[in-house]
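Some notes on the structure that comes next.
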Amino acid sequence: MRSGEGVVREICVIGGNRYFGKRLIARLMAAGDRVTVINRGSSAPPAGAIHLVADRNDENSLEKALGSRTFDVVIDQVCYTPRQAEIARRVFAGRTRRYVMTSTVEVYEYEDSAALVREDAVDPRTVAVDLELPWDDPEFLDSHYGEGKRQAEAVFAGTRAAEPAFPYVAVRVAHVLGGDDDFTGRLDHYTDRIRTGEPIAVPVVNHSATYIHVEEIADFLAWAAGADFTGPVNAASHGVLTTEELCEAVAARIPEGRTVLRSVEVGEVSPFSFARSYGMDNSRATRLGFTFGQSGQWLPRAIAETLGKDN
């Protein structure tokens, strides 16, 4: 049940102690929800949240920590593999009325469409799941990030006919920008090079992508927790951005800097440059009632926030 109707919602957040996860928790608590945070104990949740210490990779640990607790909504911020999804599905079946998984635009890594990609381009019900792949190997997981998320979605979708329905949502998040606590270093890549005039590597044919501000994705996840739709949904601001536009926004804050783009045929390119189209269609979420901002409008703010952390 929704807060504001006289009933406090019980919401569980798995992970979520940094970046847009901590903003999400703050929004839920401000709305009057009772929030339980599950992590391995490396960091404490915000004051007022219930803290359960468990290893999500250990089914017994998770079951023991949860005890008899049930929830209106579970928001899973740190599900990266089908193994983790299998454990979560077993543990939370019957414990929650809604399960929101934070997924990624990277599930579309094999798509290359000039048009913005819709959710049906990757139907998790048709994705093959391989639990025997070395998902516990950090190097393998890092290089198969999109595949891990894709297969995790498939587990929640229930690819086996005998499995009961599971009320899941997979929020496919665009590239996130903004915040003075951005730990990814991706925008820093551009600010550092523009300050020094060091070349920024881009593909010979460089495509645009969709993005979302850190505050907007926190808003979106909080909204998704209270909605009643299921299945995959794209979360991206309106409007694509190119590497050049990102660099222009950075250079506007570093007037003494210099933008030097270098096209490369092979090799590693800068974080926000793409050899294929990387845009998501957000019309499903829009139809369902979420109002996205325009990426070009919040981009200067995101750049200012990133630069601000260095001051």
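Readers should treat all values here as calculations from the given coordinates under stated rules, not as data from a laboratory. What you see is a predicted model, and the numbers here were worked out from it, not measured in a lab. Please note: Cβ atoms are built from the backbone with ideal geometry, for glycine as well, and neighbour counts cover all protein chains shown.
Quick one: putting +1 on the C-beta of Lys and Arg, -1 on the C-beta of Asp and Glu, what dipole do you get for region 95-174 around its Cα centre, in Debye to the nearest 20?
My answer is approximately 720 debye.
FRET efficiency for Ser68 and Asp137, Cβ-Cβ distance as r, R0 = 45 Å, nearest 0.05?
According to the calculation, E is roughly 0.80.
Enumerate the amide H contacts of Met280 below 5 Å, restricted to partners 5 or more residues apart or on another chain; note that Pro and chain-start residues carry no placed amide H.
Val117, Thr210
Can you work out the Karplus-derived ³J(HN,Hα) for every residue in region 239-250? Use 6.51 cos²θ - 1.76 cosθ + 1.60 with θ = phi - 60°, whole Hz, and x for glycine or proline.
x, 8, 10, 9, 4, 4, 5, 4, 5, 4, 5, 5
Restrict the search to region 178-221; then list the chymotrypsin sites (Phe, Trp or Tyr not before Pro) that DSSP places in a loop and that have at most 13 other Cβ atoms within 10 Å of their Cβ.
When the chymotrypsin sites (Phe, Trp or Tyr not before Pro) of region 178-221 are filtered for loop state and at most 13 Cβ neighbours within 10 Å, Phe183 remain.
Kirkwood hydrodynamic radius for the chain: how many Å is it when counted over pairs of different Cα atoms?
20.4
Give the shape of region 66-191 as rounded, prolate or oblate, defined through the alpha-carbon gyration tensor: a ≥ b ≥ c are the square roots of its eigenvalues, a/c under 1.5 means rounded, and otherwise the shape is prolate if a/b is larger than b/c and oblate if not.
It comes out prolate by the Cα gyration axes.
Which one, Ser270, Val214, Gly185, is farthest towards the positive end of the dipole of region 158-302 when Lys and Arg carry +1 and Asp and Glu -1 on their Cβ?
With unit charges placed on the Cβ atoms, the residue in question is Ser270.
For the chain, give the magnitude of the charge dipole about the Cα centre (Cβ charges: +1 Lys/Arg, -1 Asp/Glu; no others), in debye to the nearest 20.
Magnitude of the dipole: close to 1040 debye.
Using just the helices of the chain, give the 222 nm mean residue ellipticity in deg cm²/dmol: DSSP H runs with n ≥ 4 each add -39,500 (n - 2.57), and the total is spread over all residues, rounded to 500.
-10000 deg cm²/dmol
Do any GluC sites (Glu not before Pro) in region 245-289 lie in a loop, going by DSSP, with at most 15 other beta-carbon atoms within 10 Å of their beta carbon, and if so which?
Sparse-neighbourhood loop GluC sites (Glu not before Pro): Glu256, Glu265, Glu268.
Sort region 1-126 into rounded, prolate or oblate with this rule: let a ≥ b ≥ c be the square roots of the eigenvalues of the Cα gyration tensor; rounded if a/c is under 1.5, and if a/c is not under 1.5, prolate when a/b is larger than b/c, oblate otherwise.
It is prolate, given that a/c is not under 1.5 and a/b is the larger ratio.
Given labels modelled 7 Å from the Cα in the Cβ direction, how far is it in nm from Glu256 to Arg97?
It is 5.8 nm.
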